[in-house]
Amino acid sequence: QKEVEQDPGPLSVPEGAIVSLNCTYSNSAFQYFMWYRQYSRKGPELLMYTYSSGNKEDGRFTAQVDKSSKYISLFIRDSQPSDSATYLCAPNSGNTPLVFGKGTRLSVIA
Amino acid sequence: GAVVSQHPSRVICKSGTSVKIECRSLDFQATTMFWYRQFPKQSLMLMATSNEGSKATYEQGVEKDKFLINHASLTLSTLTVTSAHPEDSSFYICSARGGAERRGNTIYFGEGSWLTVV
């Protein structure tokens, strides 16, 4: 099993929709959970940072972590065309490099 | 604003020459930096972990003599692609682990450097 798995998409939604992006991981030592957004031909940009299980909200974005099932989610409310990008989940144990899955490509259609 | 800066953002070089890419943490000290490579529509692939004052740790399959990494200070790591060939053309991205002033274990990425070898 790969360490981090994401559905690569592409996921296409209309503007204003609620988007749900999901990720599973296999390493139970992970306790830091980050979501990055990567626009085409740019470096990844940190979106959300969560420690351990639970929810965290920041504007239109909500990150959710369920360590018992090794499942993490990112919700985007009122999605905008500017949200069109690749979203990368990055669970981490804190002292190792980030390992990424393929990321999920999101297109928000105006 | 950006907390990790990479330079140059884009470089074209001739086959057989060497190219150096710099990665700087702007407002924090980064004892550990990471170098990734990304081909079009592919995932980021970790190349090496760069530790300040010591040798880099390379991932399996990455040639350490070809991709020289130097982490001479707490804010600067460099990647030198030696004797570059067209197959080395790619998007190279560095990242740095934030210190206590930057939420400890959060990792920030640079803007990336596009290398084209002709």
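The values are calculated or read from the model by the stated rules, or taken from the named source; none is laboratory data. Predicted, not measured: the structure shown is a model, and the values here were computed from it. Here Cβ is always computed from backbone atoms with ideal geometry, including for glycine, and neighbour counts include all displayed protein chains.
What residue, among those in segment A:25-48 that are hydroxyl-bearing (Ser, Thr, Tyr) and surrounded by 19 or more Cβ atoms within 10 Å (Cβ to Cβ), is modelled with the lowest pLDDT? The selected residue is A:Tyr32.
Taking segment B:1-52 and the strands (runs of 3 or more DSSP E) fully enclosed by it, the elements with 2 or more residues that are over 15 Å from the mean Cα position of the chain (by Cα) and on the phi < 0 side of the Ramachandran plot are at B:10-13. Please determine whether any residue of segment A:1-20 is surrounded by fewer than 18 Cβ atoms within 10 Å (Cβ to Cβ), free of Cβ contacts under 8 Å to residues at least 60 places away in the same chain, more than 11 Å from chain B (Cβ to nearest Cβ) and of a type outside the set (Gly, Ala, Ser). Scanning segment A:1-20, I find at least one residue that is surrounded by fewer than 18 Cβ atoms within 10 Å (Cβ to Cβ), free of Cβ contacts under 8 Å to residues at least 60 places away in the same chain, more than 11 Å from chain B (Cβ to nearest Cβ) and of a type outside the set (Gly, Ala, Ser), so the answer is yes.
Looking at this structure, is B:Phe39 exposed (fewer than 15 other Cβ atoms within 10 Å of the Cβ) and in contact with a strand residue (DSSP E or B) (Cβ under 8 Å, 6 or more places away or on another chain)? Against the criterion (exposed (fewer than 15 other Cβ atoms within 10 Å of the Cβ) and in contact with a strand residue (DSSP E or B) (Cβ under 8 Å, 6 or more places away or on another chain)), B:Phe39 qualifies. Look at B:Ser15 and say whether it is in contact (Cβ under 8 Å) with a residue 60 or more places away in the chain, more than 14 Å from chain A (Cβ to nearest Cβ) and surrounded by fewer than 17 Cβ atoms within 10 Å (Cβ to Cβ). The answer is yes for B:Ser15. Report yes if A:Thr86 is within 14 Å of chain B (Cβ to nearest Cβ) and either β-branched (Val, Ile, Thr) or crowded, with 17+ Cβ neighbours inside 10 Å (or both), otherwise no. Here the answer is yes, as A:Thr86 does meet what is asked.
Listed here are the strands (runs of 3 or more DSSP E) enclosed by segment A:4-110 that have at least 3 residues being of a type in the set (Phe, Trp, Tyr) and touching a strand residue (DSSP E or B) at 6+ places or on another chain (Cβ under 6 Å): A:32-38.
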